[in-house]
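The values are calculated or read from the model by the stated rules, or taken from the named source; none is laboratory data. Keep in mind it's a predicted model, so treat the numbers as computed, not measured. Glycine gets a Cβ as well: all are built from the backbone with ideal geometry, and neighbour counts include every protein chain shown.
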């Protein structure tokens, strides 16, 4: 039988597939028995000459053949099922990448924020006026929180004396415009946000056009002219405004939203102090962590306002005395005839 070249070729192929010796011989004998030129007589003659038990090999070969046929049938059925199965429509990308989900997980776990609140933060556009003592923590925490677009306007440059409290800047960036220094720090902290730096002073020529583009404004400036300009522009455009101020050991903050029935900054502070009456931080000094405390509270109010979490400071003025660890809350009301919000 093994003189037959076809049988010899079959044995070689089967051995090449990695099947065992017994299975290979069994399949060859099974196949040879079905051939007209060999038949069962030829198989038995070979078995007698070699001393093999043909029944063992034939049974083993039959089992292997059946198993292989079953495997091919399953493969065929799977292929056919794949051709006829309806194609799943492509999934739309969610609002966050897997990396962003991990980044904002501690927000998403909060019942008051959750996934929807984080989406509101990502969709929000916030303008921060000033990149100094208060602006530094505000900008970093808004960036970390995932506010989608943050603009910052300031005409100042980083100086050595700023680094005692303005933690967004660094020694290596002394002399750099503060808005570009802040942008670098914010993008390093969170590359998923968009930062728009404006290296110029906020004045009446640009205030309305700039503020109109944003949902919320945070003012951390240290001069009264800018504070009153920002307040009046926000009131006129119906934009909510969060302000903060500090000196030495004391700071204050509030949320002003006259469009929603609350007072504006001028309702509570109707007159600007005379020049020289209020000392600046450069003149009076300020304890290093205080801007961080007040600035972080401003950023917290912004996150709450955007997400709708908790109760904001609208209609309340928070005053923090860091020297004696006291915080007071003062109720404030809309003032009739206010020049800032009644026009």
In the stretch 149-156, is there at least one residue being free of Cβ contacts under 8 Å to residues at least 40 places away in the same chain, under 14 Å from the mean Cα position of the chain (by Cα) and within 28 Å of residue 209 (Cα to Cα)?
no
Scanning the stretch 224-271 residue by residue, those farther than 14 Å from residue 342 by Cα, in a loop (DSSP other than H, G, I, E, B) and in contact with a strand residue (DSSP E or B) (Cβ under 8 Å, 6 or more places away or on another chain) turn out to be 239, 240, 249
Would you list the helices (runs of 4 or more DSSP H) that sit entirely within the stretch 97-159 and hold 2 or more residues that are touching a strand residue (DSSP E or B) at 6+ places or on another chain (Cβ under 8 Å)?
135-145
Which ones in the stretch 310-323 are exposed (fewer than 12 other Cβ atoms within 10 Å of the Cβ) and without any contact (Cβ under 8 Å) to a residue 60 or more places away in the chain?
311
Among the residues in the stretch 294-309, are any surrounded by 17 or more Cβ atoms within 10 Å (Cβ to Cβ), more than 27 Å from residue 117 (Cβ to Cβ), in contact with a strand residue (DSSP E or B) (Cβ under 7 Å, 6 or more places away or on another chain) and without any contact (Cβ under 8 Å) to a residue 60 or more places away in the chain?
no
Between residues in the stretch 261-274 that are at pLDDT 95 or above and residues that are loosely packed, with under 14 Cβ neighbours inside 10 Å, which pairs lie under 7 Å by C-beta distance while being six or more apart or on different chains?
263/333
Filter the stretch 185-223 for residues that are outside any loop (DSSP other than H, G, I, E, B) and either surrounded by fewer than 16 Cβ atoms within 10 Å (Cβ to Cβ) or not assigned by TED's automatic domain parsing to the domain that holds residue 122 (or both) and give the result.
187, 188, 189, 194, 208, 209
Residues 290, 241: which one is closer than 21 Å to residue 203 by Cβ, crowded, with 17+ Cβ neighbours inside 10 Å and touching a residue at least 12 places away in the same chain (Cβ under 8 Å)?
241
State yes or no: is residue 163 assigned to a helix (DSSP H, G or I) and either within 28 Å of residue 319 (Cα to Cα) or more than 29 Å from the chain's Cα centre (by Cα) (or both)?
yes
Determine if the stretch 276-294 includes at least one residue that is under 24 Å from residue 149 (Cβ atoms), in a loop (DSSP other than H, G, I, E, B) and modelled with pLDDT of 95 or more.
no
For residue 294, which of the numbered conditions (1) touching a helix residue (DSSP H, G or I) at 6+ places or on another chain (Cβ under 7 Å); (2) under 17 Å from residue 219 (Cβ atoms) fails to hold?
(1)
